[in-house]
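Enquirer: Sharing a structure here in structure tokens format.
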Amino acid sequence: MDSELTFRYAERKDTALILKFIKGLAEYEKMLDEIIADEETLEEWIFDRQKAEVLFAAADGREVGFALFFHNFSTFLGRAGIYLEDLFVFPEYRGKGYGKALLKKLASITIERKCGRLEWWCLDWNRPSIDFYLSLGAEPMSDWTGYRVAGDTLLELAK
């Protein structure tokens, strides 16, 4: 790392910055057109309802990366885990160890909170990220397939 990295949790005043990171990730994943989140929605769900947390990594006083995460629960372990929804480092700051530092910090938070695991999903085509995760000792969950119900299908299922 070129400069000392610091970490801080997001505050309500950071809502616009959180959305900027989310849009940066969506652009990288070629999914920008799927973003419907706005500052008001993020503020409600992250800060009012406290359904997710955001950790920023900062170098030279500027936020260079973020991780958005929340607790899940493992019935097999009988304890909570941490699910990493988004990890993103702005392109101009990549290759400096900031992504690894964010994951290491999340791992320490997982241990501090006595959670059983830290887990996330990664797009199948994202080879750079897959290689990065494998280099850290992460194991792909090849025996599992993620499923989702959303939008009109969710409304129909709820009837």
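Enquirer: If I filter segment 90-109 for residues that are touching a His at 6+ places or on another chain (Cβ under 7 Å) and either without any contact (Cβ under 8 Å) to a residue 40 or more places away in the chain or basic (Lys, Arg) (or both), do I get at least one hit? Steps first, answer last, please.
Expert: The first filter runs over segment 90-109 and keeps only residues touching a His at 6+ places or on another chain (Cβ under 7 Å), leaving none.
The answer is no, given that none of the residues of segment 90-109 is touching a His at 6+ places or on another chain (Cβ under 7 Å) and either without any contact (Cβ under 8 Å) to a residue 40 or more places away in the chain or basic (Lys, Arg) (or both).
Enquirer: While we're here: From (1) touching a helix residue (DSSP H, G or I) at 6+ places or on another chain (Cβ under 8 Å); (2) within 24 Å of residue 122 (Cβ to Cβ), pick out the condition that doesn't hold for residue 29.
Expert: So the condition that residue 29 fails would be (1).
Enquirer: How many of the residues in segment 112-159 are touching a strand residue (DSSP E or B) at 6+ places or on another chain (Cβ under 9 Å) and aliphatic (A, V, I, L, M)?
Expert: First pass over segment 112-159, keeping only residues touching a strand residue (DSSP E or B) at 6+ places or on another chain (Cβ under 9 Å): 113-121, 129, 133, 138, 141.
Restricting the remaining residues to those that are aliphatic (A, V, I, L, M) gives 118, 138, 141.
The number of residues fulfilling the criteria is 3.
Enquirer: With a cut-off of at least 1 residues that are surrounded by 13 or more Cβ atoms within 10 Å (Cβ to Cβ), name the helices (runs of 4 or more DSSP H) lying wholly within segment 46-159. Steps first, answer last, please.
Expert: Numbers: elements: 98-112, 127-135, 151-158.
Ranges flagged: 98-112, 127-135.
Enquirer: How many residues, within segment 9-22, are closer than 21 Å to residue 100 by Cα and either of a type in the set (Phe, Trp, Tyr) or in contact with a helix residue (DSSP H, G or I) (Cβ under 9 Å, 6 or more places away or on another chain) (or both)?
Expert: Selection size over segment 9-22: 5.
Enquirer: Right, another one. Tell me, which residue of segment 20-45 that is among the aliphatic types (A, V, I, L, M) and without any contact (Cβ under 8 Å) to a residue 40 or more places away in the chain is surrounded by the most Cβ atoms within 10 Å (Cβ to Cβ)?
Expert: Within segment 20-45, the first condition is being among the aliphatic types (A, V, I, L, M), and the residues that meet it are 22, 25-26, 31-32, 35-37, 42.
Narrowing the set further to residues that are without any contact (Cβ under 8 Å) to a residue 40 or more places away in the chain leaves 26, 31-32, 35-37, 42.
Details: 26: 17, 31: 11, 32: 13, 35: 13, 36: 6, 37: 14, 42: 21.
Step by step, filter segment 20-45, then rank; the result is 42.
Enquirer: In the list 151, 146, 95, which residue meets the criterion of being at pLDDT below 90 and at positive phi?
Expert: Working: 146 fails: at positive phi; 95 fails: at pLDDT below 90.
Being at pLDDT below 90 and at positive phi holds for just one of 151, 146, 95, which is 151.
Enquirer: Quick one: what pairs do we get from segment 59-80, first residue closer than 13 Å to residue 7 by Cα, second of a type in the set (Asp, Glu) and exposed (fewer than 11 other Cβ atoms within 10 Å of the Cβ), C-beta under 9 Å, 6+ apart or different chains?
Expert: Partner pairs satisfying both residue conditions: 59/2; 59/4; 60/2; 60/4; 64/92.
The values are calculated or read from the model by the stated rules, or taken from the named source; none is laboratory data. Note that the structure is a prediction, hence the values are computed from the model and not measured. A quick note on method: Cβ atoms are made from the backbone with ideal geometry, for glycine too, and the neighbour counts reach across all protein chains shown.
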